[in-house]
Structures are given as C-alpha cells and as structure tokens.
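The values are calculated or read from the model by the stated rules, or taken from the named source; none is laboratory data. Here the structure is a predicted model, which is why all the values come from computation and not from measurement. Ideal geometry is used to build each Cβ from the backbone, glycine not excepted, and the neighbour counts take in all protein chains shown. Quick note on the areas: whole protein, heavy atoms, side chains included, nothing else; ligands and nucleic acids left out. Shrake-Rupley method; radii C 1.70, N 1.55, O 1.52, S 1.80 Å.
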Amino acid sequence: MFFLLALCECDREEREGQNFAAGYGMPVRVEAAADVPGCFVLGGQFYGLYYGLAEAYAAATGRELDFSAGALPARMWNDLRNNGTDIGVAMSSEVEAGALSLPVLTTGYVVLAADTPPAEAGGLSGIVGNGKVAMPESFVHTDSYGMVLDSLSGAQLYVSPADAGRLVAELERGTYDFLVCERGEAALVGACVPGLREVYAFGERVEVSLVFSPGNPALYYDFRRWFGEYRQTEAYAALQGAYCGDAAGGLLHRVDCNSRVPGGISVWDGLIREVGLREGVDWRLLSAIAYKESRFRHNVVSPSGARGLMQIMPVTARHFHVDQWRLADPEVNVTLAARLIRDIEHSLQFAEGTPDEDRLSIVLAGYNCGIGTVRDARRLAEAEGENPDSWAAVSHCLELMGDSSYVCDSVRYRRFRGCGETFAFVDGVKRKYYNYLKAVPV
C-alpha cells in the first residue's frame, strides 16, 4: 500500500549536492541520537529544547525543518560526517575535541513513582528497596548509572530502548515500580498522567550539544550568530521555562486533551493501531485523518451528517452494509474509514509506477470530496492530455470543474465548487501524516 513508512524517506542524493549558503529552499536536517535525553513525543509531535531551537532557527531562516530522533548513535555520527544530515544532537561527553558543536541543554534525571508512597528513609536505596526500576538508554551514559548499579543491589533494574511515554504506560500498569526519567520529560508526563510523583532527583547534571556537519561550517557560524541573538529574546526564555524550569506542563495548552498522550498520538492509539493492522492501512494515516476531521473527538456530528472520529457519512455506512446508528461506535467508524481508503485506491486503478505522493493525494481527495468527483477530474485530465495519476493534473481539473467559464465537450462531469476545502484537507492530512511518520514508530 502507498501509505507506508517509505513515504517519509528523503531524496538525500539530490539534497547532498546542494549548497547551504545558496539556500535553494533546502530543509534544515537535524538528527538526534537515540541515547540523547530531552526529546519526546506528545500527540504525535516532537517536543524538547533542542527541537524548539531547531524549529525556531528554521523559521528564522525561511527553511523547513526535517527533524528525526531515535537514530543509532553510530548512524547519526556517520550521517553527520558524510553530509547526510546538517546537525546532530549528542551528549556533550561524546563530542570530539575540535568538533563544530554548541552546548544547548543542561539537564538531569529524576525518579518517578506511581501512587504507592515509597519509604522515606535511606536515600535512593531506601526508596526503591527491592522494586523494579526502568531506565532509558540515555541514563546508561551518566555517572549516576554506576551509582545506581552500586547502591541498588536488591532492586530489579531494566534498561529499555522505549521512549518516556511507553515507559510511563508500563509504570501505570505496574510492570515497573519506578522510572528514571529526564527532568523535562518527567515534568511533561507528570502533567499528562495523574498520580505520578517525583521521589528522587540525581545531583549529576548532563549536557546535550548540537554538532554541525564538518562539511558545512557556514551553517555552524550562521547558527551561532542567530543563537547569540535569539537567547536574548522572550521566546527563548519561554523555551527555557518550558523544558528546563518549572513550566514544562505549560506547553499542554497547545495540545488538545485527546492528544495528550506521551509517546503517542491520541487516546485512540490502541484502537486505531488495531484497525490499521487488520485493514492494511497505516494507523498513522488514519490518525492524521482523525485529527483533521474531528481533533480525535468521537461524538462530533457535522451539519451534513458526517459522524465520529473520521467523519463518516451515512451513505458510506450503507455502501459497506452497516447501519448508520453504528457510526457512533469509534471502532466501526475507524474501520469504515480504513475500508473506504482501500476501496478508493482499488477503484481508481492507478498505473504501475505511480508515485506514492500522487497516490496519497488523490486518494485523500476522494475521501474528502467523493470518489465520483475525483473520477470526473481524472477523466477530464485525460481529455486535456494530462496524466490522470498526477495530483498536479487532477487538482488543476478539480479547479476547472468549478469554473463556470470552462467547458469540455468530450467528457461528462459534474460541476464542483469545493476544491478549496479539498485542497486544504489533502495538505493538512499529509502534513500531519508525515509528522507522525517521523515522530511515532509503527
């Protein structure tokens, strides 16, 4: 199917041959290693101080941000050396002397526990006792990890590659009794998940640096110049407060309550994953549609009668032989959306070799404005001598279908005046989907 992870792969060969100083509208490519703390996902979106800095720099220079996290450290360093990425994010202790680098985050680790109050005496060993303690991979690179190994002889220790969101879910379920967590992540998940408490703070401070490709020193010096100015602004103070101060939970006002899921996209992740796996549709694409259609609210009914998470019309329910009253059931609603996507793609019969980007755009247009309208636009494209499998051609013909001065005598088609809404839907869903592809694993 076209909606696979391959959609987010970048054309690196083309980008690597271009010059940063000349611009060319190239994105700023930033890659954070998996063993670096302080980057987390909430509602399918990256957050963290160095992510915020990269985002602000990209905006200031008029470029897009191509950010990824969780790469194996060896791969990140290799990409950096070979110009496969512009900026790497690494523990400062791992940066070689003389490298083009800039420290940007000083943080530390704390221990979180669920509702059960731990013992108060005896320091960390007295708090933990013989409990089960989960730790992220980044913690292994600190001196505090050695202290934990030495002092918690009675505890069961687990080092996990999972992100903070998944580890917190395990903490809630009782898989672990305690969780070691970076301070910014701890503040965030504490604001999202009721009942979590900080029970211990390690005194050690750890530092994270941005490391710049040696093949592009111009970027390093430009970033340093920008950063020197930016750190004097209120925006930078707010960024520091959100991730290094006491206001970490304050960023939640930017996130819908149904999307406040650390490490995931929405409160419906489990259901949407299950449906996506069963129906053969990437669950992150389904989530992107749900975000665009309803902001993950399952009880929304539009003026036209579309219902639920995916805004399914009663006529769609009848098409799949489902009683329309069942559209209120989130599982039925998402299942019909997945089947509709598969139905649209199958019925359009794209030519072999049609680019995934075009497939995705045309299918999403069919989801929004109806497969009949998209069929008309594709027939019109053929009549105009254009490629009916090209989104550029199909979108142009959707516009022509709304132009009362336009006439094509060789093809029968219905007038369509909703192309603006359809284009906004396609663009919005694709942006969310590509963000989810980068931020949230399968």
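For the stretch 352-424 and the stretch 54-109, what is the centre-to-centre distance using only Cα atoms, to the nearest Å?
That distance is 42 Å.
So, in nm, how far is label S304 from label R414 when the simple model puts each one 7 Å beyond its Cα toward the Cβ?
1.0 nm
Does the stretch 144-281 come out rounded, prolate or oblate, given a ≥ b ≥ c as the square roots of the eigenvalues of its C-alpha gyration tensor, rounded meaning a/c under 1.5 and, failing that, prolate meaning a/b above b/c? Before the final figure, lay out each step's value.
Working: a/c = 1.70, a/b = 1.25, b/c = 1.35.
It is oblate, given that a/c is not under 1.5 and a/b is not larger than b/c.
Which residue fluctuates the most in the chain, going by a Gaussian network model with Cα springs under 10 Å, if the choices are G131, G402, G308?
G402
Suppose every K and R has +1 on its Cβ and every D and E has -1 on its Cβ; what is the size of the dipole of the stretch 108-204 about the Cα centre, in Debye to the nearest 20?
Numbers: 5 positive and 13 negative charges, 37 e Å.
Magnitude of the dipole: close to 180 debye.
Please tell me the relative contact order of the chain in percent, rounded to the nearest whole number, where contacts are Cα pairs under 8 Å and at least six residues apart. List each step's numbers first, then the result.
Details: 716 pairs, mean separation 76.0, N = 442.
Normalised by residue count, the contact order of the chain is 17 percent.
Compare the Cα positions of P303, P330, S347 along the charge dipole of the stretch 224-383 (+1 at Cβ of Lys, Arg; -1 at Cβ of Asp, Glu; about the Cα centre) and return the one farthest towards the positive end.
P303
Among Y406, H396, G370, whose Cα projects farthest towards the positive end of the dipole of the stretch 321-442, with charges put on the beta-carbon of Lys, Arg (+1) and Asp, Glu (-1)?
Going by the charge dipole, the pick is G370.
Using the Karplus curve 6.51 cos²θ - 1.76 cosθ + 1.60 with θ = phi - 60°, work out ³J(HN,Hα) for each residue of the stretch 392-398 in order, rounded to whole Hz, and write x for Gly and Pro.
Residue by residue, the stretch 392-398 yields 4, 6, 5, 5, 4, 6, 4 Hz.
Compare C244, C181 by solvent-accessible area with a 1.4 Å probe and give them largest first, with all protein chains kept in place.
C244, C181
Using each residue's phi in the stretch 152-167, evaluate 6.51 cos²θ - 1.76 cosθ + 1.60 at θ = phi - 60° and report the 3J(HN,Hα) Karplus result to the nearest Hz, with x for Gly and Pro.
9, 5, x, 8, 9, 10, 10, 9, 10, x, 5, 7, 4, x, 5, 5
Over the heavy atoms of I127, what accessible area does a 1.4 Å probe trace out, to the nearest 10 Å²?
Estimated to the nearest 10 Å², I127 gives 20 Å².
Please list, in order along the stretch 62-69, the HN-Hα scalar couplings obtained from phi with the Karplus expression 6.51 cos²θ - 1.76 cosθ + 1.60 (θ = phi - 60°), rounded to whole Hz, x for Gly and Pro.
My calculation for the stretch 62-69 gives x, 10, 7, 10, 10, 10, 9, 9 Hz in order.
How many lysine pairs in the chain, separated by 8 or more positions in sequence or lying on different chains, have Cα atoms less than 28 Å apart?
Lysine pairs satisfying the spacing and distance rule in the chain number 4.
Rounded to the nearest 20 Debye, what is the dipole magnitude of the stretch 172-230 about its Cα centre when Lys and Arg each give +1 and Asp and Glu each give -1 at the C-beta?
With Lys and Arg at +1 and Asp and Glu at -1, about 100 debye.
In percent, what relative contact order does the stretch 252-296 have, based on Cα pairs under 8 Å that are 6 or more apart in sequence?
34 percent
Write out the trypsin sites (Lys or Arg not before Pro) in the stretch 163-233 meeting two conditions: DSSP loop, and at most 13 other Cβ atoms within 10 Å of their Cβ.
R205
Given contacts defined as C-alpha pairs under 8 Å and at least six residues apart, what's the relative contact order of the stretch 300-442, whole-number percent?
15 percent
Place +1 on the Cβ of every Lys and Arg and -1 on the Cβ of every Asp and Glu in the stretch 127-257, take the dipole about the Cα centre, and give the residue among A169, L157, Y243 whose Cα lies farthest towards its positive end.
Going by the Cα projections, it comes out as Y243.
Go through [x] 22.2; [y] 24.9; [z] 19.7 and flag the label whose value is the computed mean projected area of the Cα convex hull in nm² for this structure.
Looking at mean projected area of the Cα convex hull in nm² for this model, the match is [y].
Loop-only check: which GluC sites (Glu not before Pro) in the stretch 144-224 are DSSP coil with at most 15 other Cβ within 10 angstrom?
Working: sites: E170, E172, E182, E185, E198, E204, E207; in loops: E204.
Counting only loop positions with at most 15 other Cβ atoms within 10 Å, the GluC sites (Glu not before Pro) in the stretch 144-224 are E204.
Starting from the amide H of V206, placed 1.01 Å from N in the peptide plane, find each other amide H under 5 Å away whose residue is 5 or more places distant or on another chain.
Distant-sequence amide H within range of V206: T107, G108.
Rounding to the nearest 20 debye, state how big the charge dipole of the chain is about its Cα centre with +1 on each Lys and Arg Cβ and -1 on each Asp and Glu Cβ. Please list the in-between numbers first.
Values: 40 positive and 57 negative charges, 240 e Å.
Using only the charged Cβ atoms, the result is roughly 1160 debye.
Taking amide H positions as placed 1.01 Å from N in the peptide plane, with prolines and chain starts having none, which residues 5 or more places from I312, or on another chain, fall under 5 Å of its amide H?
Result for I312 returns R307.
Assuming R0 = 22 Å, can you tell me the calculated FRET efficiency for the pair D256 and A162, based on Cβ-Cβ distance, to the nearest 0.05? Could you put the intermediate results ahead of the total?
Numbers: r = 24 Å, r/R0 = 1.10.
Step by step, r from the Cβ atoms, then E = 0.35.
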